[in-house]
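Comments concern the structure below.
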Amino acid sequence: MQDCPQTWHYGLIARWWAEFNEPDPRELAFYRDMIEQNGEPGLDLGCGTGRLLIPLLESGLDVDGCDISPDMLAHCRDAAAVQGLTPTLFQLAMHELVLPRTYRTIYICDSFGLGGRREQDAEALRRCYAQLTPGGKLVFSHYLPYDDLERWLLWLPEERKRLPEQWAEEGGRKQAANGDEIGLRARVIDLDPIEQRQTLEMRAQLWRDGRLEEQEDRVLQENLYFRNELLLLLTNAGFATISVRAGYSAEEATPDDTMLVFVAQK
């Protein structure tokens with residue numbers, strides 16, 4: 001078993017995130033409101049290239065960033081510098097979280113369960129609890145395993161016979177700021193219902209003047225969780241007050257919701 005979480009957020013894929021991955025306005029407003037309501041400082045855990053971190057800093061909030069990928073953090077620094085910002089960034093896996101100061105609000109956007117083992121995910125929540133001030137809150141989004149119908153069907157034995165999936169036909173290239181074109185495709189190569197773990201592969205291609213210049217294939221492993229499992233993990237980490245919201249809203253989650261937001265208070 002690997003000690004370091006296995007993700008794909010490096011090289012061309014990190015560049016693609018930096019060039020094209022923009023924040024959704026509702027998502028950004030939700031985390032901004034959370035920090036304003038819960039208090040500063042905040043920590044963007046799994047900040048990546050600064051998709052949320054940079055606009056939050058621009059709005060005047062005191063927020064640090066942390067990510068496992070040095071490539072993603074380098075893009076974050078560069079993008080922040082363009083805006084005249086110098087964010088405080090840390091390169092750590094979530095389960096290794098030990099930072100110089102404590103936080104009133106820690107948020108994880110779409111990144112919990114990526115790359116590591118289940119015991120590392122549990123440790124990450126314990127580390128978040130320790131890194132919060134008394135009364136501080138951990139907020140994170142999570143897509144349930146049945147959010148994607150095609151992938152949900154892979155839990156059936158007869159459906160898993162088609163794994164690994166075939167690559168989608170080439171398409172979806174986007175033009176970068178310097179004129180390069182970058183294409184990104186992903187596929188499922190394995191799903192283990194007993195371990196509740198899926199393995200994905202992503203292919204990034206760099207095209208210049210109509211010629212393929214580079215190609216990178218990287219693998220990401222993801223632990224799949226249901227609501228009650230996450231509630232148990234949060235309780236075991238020490239959180240006593242936990243709510244589960246219907247996405248980026250103030251409403252309580254219902255059986256029809258497949259993207260949940262957990263708000264856990266120390």
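No value in this document is a laboratory result; all are computed from the given coordinates. Since this is a predicted model, take the numbers as computed values, not measurements. Neighbour counts are summed over all protein chains in view; Cβ atoms, including those assigned to glycine, are modelled from backbone coordinates with ideal geometry.
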Go through 243-255, 124-136, 64-76 and give me the packing order, highest mean Cβ count within 10 Å leading.
64-76, 124-136, 243-255
Kindly identify segment 101-224 as rounded, prolate or oblate by the Cα gyration tensor criterion: order the square roots of the eigenvalues as a ≥ b ≥ c, call it rounded if a/c is under 1.5, otherwise compare a/b with b/c, prolate if a/b is larger, else oblate.
oblate
Using a 7 Å offset from the Cα along the Cα-to-Cβ direction at both Asp209 and Asp256, what is the distance between the two label points in nm, to one decimal?
5.6 nm
In terms of the alpha carbon gyration tensor, root eigenvalues a ≥ b ≥ c, rounded if a/c is under 1.5 and otherwise prolate when a/b exceeds b/c or oblate, segment 1-114 is oblate
With each run of n ≥ 4 DSSP H residues scored as -39500 (n - 2.57), what mean residue ellipticity at 222 nm is computed for the chain after dividing by its residue count and rounding to the nearest 500 deg cm²/dmol?
-8000 deg cm²/dmol
In what sequence do Val188, Val219 fall when counting other Cβ within 10 Å, fewest first?
Val219, Val188
Student exercise, the chain dipole from Lys, Arg, Asp, Glu Cβ charges, in Debye to nearest 20:
520 debye
Within straight cross-link reach of Lys266, meaning Cα distance under 16 Å, which aspartates and glutamates are found once same-chain residues fewer than 8 apart are removed?
Glu40, Glu123
How big is the shadow of the Cα convex hull of segment 149-222, averaged over all directions, in nm²?
5.8 nm²
May I ask for the distance between the Cα centers of segment 125-178 and segment 194-226, given as a whole number of Å?
12 Å
Would the chain count as rounded, prolate or oblate if I go by the C-alpha gyration tensor, calling it rounded below 1.5 in a/c and otherwise prolate when a/b exceeds b/c, oblate otherwise?
oblate
Arg197-Trp155 pseudo-label distance in nm [points 7 Å out on the Cα-to-Cβ vector]:
1.8 nm
